[in-house]
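Presented below is the structure to which this report refers.
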Amino acid sequence: MPRDTPVESARRLVAGASRIVGFTGAGISTESGVPDFRSPNGVWAQNRIVDYQEFVSSEAGRIEYWRQKAAGWPAMRDAQPNAGHYAFVELHEQGRLDALITQNIERLHQRSGLPADKVLELHGTTTEAVCLACGDRITSDEACRRIEAGEKAPRCRECGGFLKPATISFGQAMPHDVMVRAQVAAETCDLLIAVGSSLVVEPAASIPRVARQAGARLIILNRDPTPLDGIADAVVRGEIGAVLPELVRRDGRGPSRDG
């Protein structure tokens, strides 16, 4: 009897699951035109990395950080959700998506229709800027308008503190509450679907392993091999926007939106 293809195996796992957690990385968003960070042609290859310590201690570091932010913001702002994002919306509408844990920062999952309380942003969001002193927030559109108007590194108009994109930089602590919620979601799901992630960036990359160790099944959908392929129940290679709707569809139908 012929063995199942990876897609068939993954579809069977999804069909049999009732408490699903999604875990997404840059791969799902690059299909929407969002630049990635780690590839040879990615953001970090083309720019000097300004870590958190340099940001808080150096005006030159803050200026460089905001220069990069302003240059990259239009691509983030104008990107649209794709069929991969809508596949997770389909799982939510089926009542089977417990949480969507993401390493991405552009909020395409929320814009695709997932409720905000379902989305756990491990690395924060680039759609807002936050004051490191008082916590006040403004939109990235407003921050970038101020840069266009001549501010090199905008400061908080409430208290004068440093404004920083609300993302997690190298050397900056991960959001504790979000990490706890992600850990709990991984420990209590019956299936985790890891999509578009290299699964090498810690501590985020440990979350699929936590789910597997707690007894959940694990599907990995990614273009390239990952360090966790060996413990996955199904490993699927392919374009996320084409494959993921196929995995989640019921009654022969995929998500009704094509992105």
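The values are calculated or read from the model by the stated rules, or taken from the named source; none is laboratory data. Being a predicted model, the structure only gives us computed values, none of them experimental. Methodologically, a virtual Cβ is constructed for each residue, glycine included, from the backbone with ideal geometry; neighbour enumeration extends over all protein chains shown.
Below, the figures for the structure above:
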quantity: Residue check, G113 at pLDDT 95 or above, surrounded by 15 or more Cβ atoms within 10 Å (Cβ to Cβ) and within 18 Å of K152 (Cα to Cα); calculated: no
quantity: Contacts under 6 angstrom Cβ, first residue in segment 221-246 being closer than 19 Å to P203 by Cα, partner part of a loop (DSSP other than H, G, I, E, B) and aliphatic (A, V, I, L, M), 6 or more apart; calculated: T226/L199; P227/L199; L228/L199
quantity: Some residue of segment 144-162 being surrounded by 14 or more Cβ atoms within 10 Å (Cβ to Cβ) and either assigned by TED's automatic domain parsing to the domain that holds P208 or polar (S, T, N, Q) (or both); calculated: no
quantity: Extreme residue, modelled with the lowest pLDDT, among residues of segment 1-51 that are within 21 Å of G241 (Cβ to Cβ), hydroxyl-bearing (S, T, Y) and assigned to a loop (DSSP other than H, G, I, E, B); calculated: S39
quantity: Counted residues, segment 189-212 - those being part of a helix (DSSP H, G or I) and within 16 Å of V14 (Cα to Cα); calculated: 3
quantity: Segment 174-195: number of residues that are touching a residue at least 12 places away in the same chain (Cβ under 8 Å) and either more than 9 Å from F23 (Cβ to Cβ) or of a type in the set (F, W, Y) (or both); calculated: 12
quantity: Candidate set: segment 68-110, residues that are of a type in the set (K, R) and in contact with a helix residue (DSSP H, G or I) (Cβ under 8 Å, 6 or more places away or on another chain); chosen: the one surrounded by the most Cβ atoms within 10 Å (Cβ to Cβ); calculated: K69
quantity: Answer from L191, L228 - the residue that is assigned by TED's automatic domain parsing to the domain that holds T5, over 22 Å from H123 (Cα atoms) and crowded, with 18+ Cβ neighbours inside 10 Å; calculated: L191
quantity: Filter result (more than 25 Å from T24 (Cα to Cα) and either within 21 Å of the chain's Cα centre (by Cα) or in a strand (DSSP E or B) (or both)) within segment 114-140; calculated: C131, R137, I138
